[in-house]
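A quick write-up on the structure given underneath.
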Amino acid sequence: MTSPWAGKTVIFAISLVTALVVVAVVLVTSSGEGDSVKGGPQRARPRERVDLAARIDDFTRQTIRRSAYRPPTAQERHAVADGVGLYLDGRRTEAARRLAEVDFGLSVFTDTATGRPFAEIADRAREATRGWGRVYVDLPQDRRDGVGGASGDRLRPAATWSVQVPHPVADADSEKLGVGAWRATPGGVLVLAGANRRAGEGGAADVAHRRDTVFHAVCAELIAHRLPGIQVHGFANSTEPDYDVIVSTGRGDHGRTWGEGLAAALSRQGFDVCRVWVRRCSLEGRTNVQGRAAADAGLPFLHVEFSRSIRESPARIARAVKAIREAAGLAGGTDRPGAGARLSDDAGARTGSGTDAGTDAVGGATAGAAQMS
């Protein structure tokens with residue numbers, strides 16, 4: 001006959017083993033969520049809610065401001081661009097695999113200000129030493145987890161346009177205009193440079209004037225996907241004291257209707273606007289390489305310069321963002337052809353001049369203010 005004490009001992013032992021297993025599972029789960037890779041951004045928990053503006057502000061102040069810059073190889077910049085393109089095509093698993101080849105990764109968050117889910121594509125290993133930047137993709141409301149699986153892997157993000165910020169830090173607070181525009185107009189892809197334009201040797205980090213960068217490769221991929229783009233810059237008040245904003249279509253003229261609509265909307269917000277197609281202004285963006293690529297592809301592109309007085313004022317930024325939203329319907333573009341052919345940058349930094357300077361023949365990396373920004 002079995003003693004009652006023996007039965008109680010067995011039950012106690014089973015309970016103890018169960019408790020230890022539960023503790024182990026909790027510890028393993030905790031160590032696998034929300035971790036960060038040294039030098040990379042905080043990883044997302046499923047459906048984690050974040051303030052995108054605060055996240056980018058932290059990235060700008062803590063990483064971009066101090067970041068070094070290493071020029072990417074052709075393979076590296078193509079890997080990131082391919083990953084972005086695959087993600088836009090709804091092929092998330094393939095996108096993650098391609099990005100991982102160069103230690104980039106995907107995270108999905110929900111923006112607290114808009115309630116919209118978005119994907120962040122960022123460097124997971126050496127963000128503060130490579131300085132290649134980040135990409136943010138607006139996601140459909142019904143795809144909050146961002147994880148496709150059997151039912152969702154082929155769902156496309158609802159991307160219809162892009163906003164590009166090539167000179168954070170150098171054009172102080174220009175990233176705030178970029179975030180504001182992205183939030184105000186659904187369907188955006190935000191491309192943010194990862195280093196001060198002065199970080200690299202010989203202008204290597206000045207991504208608005210070089211083709212051999214991750215920034216340009218991603219923008220070229222967006223052009224291949226037929227997404228019109230607006231690029232935001234900043235100028236000192238003394239550069240054009242008579243104007244608050246300078247609106248240009250860059251080298252091409254395909255964004256003329258969009259530009260006229262934006263200029264009118266900005267004027268309604270009380271800003272003095274220089275329309276480059278009407279009169280000569282400083283900082284016309286004619287040598288901007290993303291604008292040139294868009295012009296060559298017949299795609300609308302706007303190069304917009306905002307004065308310091310706008311960028312330093314949250315209220316004025318809000319008015320400028322409202323104008324961008326009002327004009328968004330004029331961006332045009334064409335039907336997306338799935339994964340379009342990438343605009344070649346295999347020539348590295350070469351431009352139409354045939355030089356290997358990564359800038360335009362108009363004046364190289366030290367071109368005058370009337371041509372570069």
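Every number in this text was worked out from the coordinates using simple rules, so none of it is lab data. These numbers come from a predicted model, not from an experiment. Note: ideal-geometry Cβ built from the backbone for every residue, glycine included; neighbour counts use all protein chains shown.
By how many nm would the segment from A54 to D253 lengthen if fully extended, with 0.36 nm per residue of separation less the alpha-carbon distance?
Gain on extension, A54 to D253, equals 68.1 nm.
First select every other residue whose beta carbon is under 11 angstrom from the beta carbon of I64; then total the charges, Lys and Arg +1, Asp and Glu -1.
+1
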